[in-house]
Structure formats: C-alpha cells, structure tokens
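Worksheet: one structure, shown below.
Taken together, the values in this text are just the output of simple stated rules run on the coordinates, not laboratory data. Fair warning: this is a prediction, and the values are worked out from it, not measured in the lab. Here Cβ is always computed from backbone atoms with ideal geometry, including for glycine, and neighbour counts include all displayed protein chains.
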Amino acid sequence: MSAGYDAPMYIDSHCHLSFPELLGDIDRIRLDMARARVVQAVAICTTLEEFPTVHGLALRCPELWSTVGVHPDNEGVREPDMADLVERAQLPRVVAIGETGLDYYRLAGRSIEQMQWQRERFRVHIRAAKASSRPLVVHTRSAAEDTLRILREEGPCDDGGVFHCFTDTLETARGALDLGFDVSFSGIVSFRNAEDLRAVARFVPLERCLIETDSPYLAPVPHRGKINTPAWVPHVAEVIAQVKGLPLDIVAQATSANARRLFALPDVEQTPALAGPKLPAT
C-alpha cells in the first residue's frame, strides 16, 4: 500500500513488534509502515522481561513508542509492583501502562474466584498509571463486568486510557466511555461475522475511537490469516469509515488525533524518515 503525501496518515495504537514473528523483520516492517503512511505506532509490553526489547525499539525507531505492563494471561513471569511500573513509565518514550486487565477466556479448569491474582495485578497497574500520570491500556476478555467494576472501585484515571482490541458488547463500550476511556478497534471489525462489533463501532463517537492491529495477530480483511503488521491498520480505518458513513481521511485524521491526545505523541507533518540506527539482526 503506497500513497502520495496528500493521502491520509495513520497511527497503530497497539502492536507487538517485540514478538518473534515481527522483531526479526523490523526494518522491512518499518519500511512498509512508511509506504502505508502509518507514521507512528505504540509497541506494547506484556512482561517485565520483555520490556527492554520493547523500550529498545522505541529508543531506536523515531516512529515507535513503548508501554510497560504485564498481560493478564501471562503466568510464571515476574510479578510487577508499583515501583517496577512507575520507574519504567518515567523513561523516555514510555507513554502508557499496560497492557493490563482481566482475561477469563482460558481458565484452564479454574473458577473465576481463583483468578484473584489477575484482579490484584490489574489494580497494581491502575494505581501505577495514576502515580505515573500515564494512560492505561486495558485488555478485557470474557471479564467485562469485573473489569468495569474494578475500574470504578479504583476511581478515575485522570490521564485516561483505552479498551484495546474491543470485542465486547455495546453496553460494555458505553461503560468504558462513561469511565473516560477510549475504545480501540482491530482487524476483527473487518471480519465477516463481526456485524455486532461493527454496530459498536458505529455507536462509539469518532472522537473516542482508536485503531490498531494488535499485530502479529488478527490481520484484517483482505489479509486475514496472515501475520499482521502495522502497515495494515489503514484497513481498520476503512471499515470504521464505512460503518460511520464518513470519508476515510476524516477517520484517519480523527483516530490519529485521538491517539496523539491519549498517548501525548508529537504531531507528525509527514512520514518520518527511516534513517535512524539500523536494528541489529535477531
């Protein structure tokens, strides 16, 4: 996908460039992003062990930014405390806490009551986001009621946040919006069987919408089944434009402005040059 400089520009608000499917090909991925006019991307951290790699990408690549957090699904990893998260959140180019949240989709024979460790981990991240004045990147799957309840109990996140890769109900989206969170849509919104999700995308105000790839997963139509990449986030914007009956450039401009507001990213006049330090082979 390529375009002239009068074409829309995009931001991928959530991708996993440190995952092995993408890290070893990062120079090509960055070039593809530039060609697709994806001018910025937020590289998401899922463990403290992974953080140096995620943060290293953000330090080396002018179009990338980093988060710090431990995904709710990750077990057998270093458990974060407030000091771990707050200290890393203050480093250059770290723009958010997360991803964090609750995931009851794979209980592995356990009850929801036995997932208290996830709920405690989530609370640590919420408190760290407040202490570090960073937005919160929320993952919720099969756990919307508890996710919203805990956020209400912990009180307002003054720096906001986002429910990423949203796949839940319109009522959950309303709850997130009421709490001051934005809602981010991934390639799932383009899937044939995702009409209910497209209805949610139609409902969420454009000024509260973000777009993402969650790459290397969830490649949008027409690339479904392939390894996803930030260069394909324009396809998500296309679906949002269709369901809202808006021109693509309006959706691209709004979702980019929303991501810059939430993550305090600098404005970009044009696709950044890719002449920064070349990443070592992995």
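Just one of the numbered conditions (1) among the aromatic types (Phe, Trp, Tyr); (2) more than 18 Å from Val239 (Cα to Cα); (3) surrounded by fewer than 20 Cβ atoms within 10 Å (Cβ to Cβ) is not true of Phe203: (2). So, in the range 52-89, exactly how many residues are closer than 13 Å to Arg134 by Cβ and in contact (Cβ under 8 Å) with a residue 24 or more places away in the chain? Going through the range 52-89 one residue at a time, the tally reaches 10. Between Thr169, Thr140, Thr147, the distinction of being in contact with a helix residue (DSSP H, G or I) (Cβ under 8 Å, 6 or more places away or on another chain) and farther than 22 Å from Cys45 by Cα belongs to Thr169 only.
Among Ala58, Ala34, which is surrounded by fewer than 19 Cβ atoms within 10 Å (Cβ to Cβ) and in a helix (DSSP H, G or I)?
Ala34
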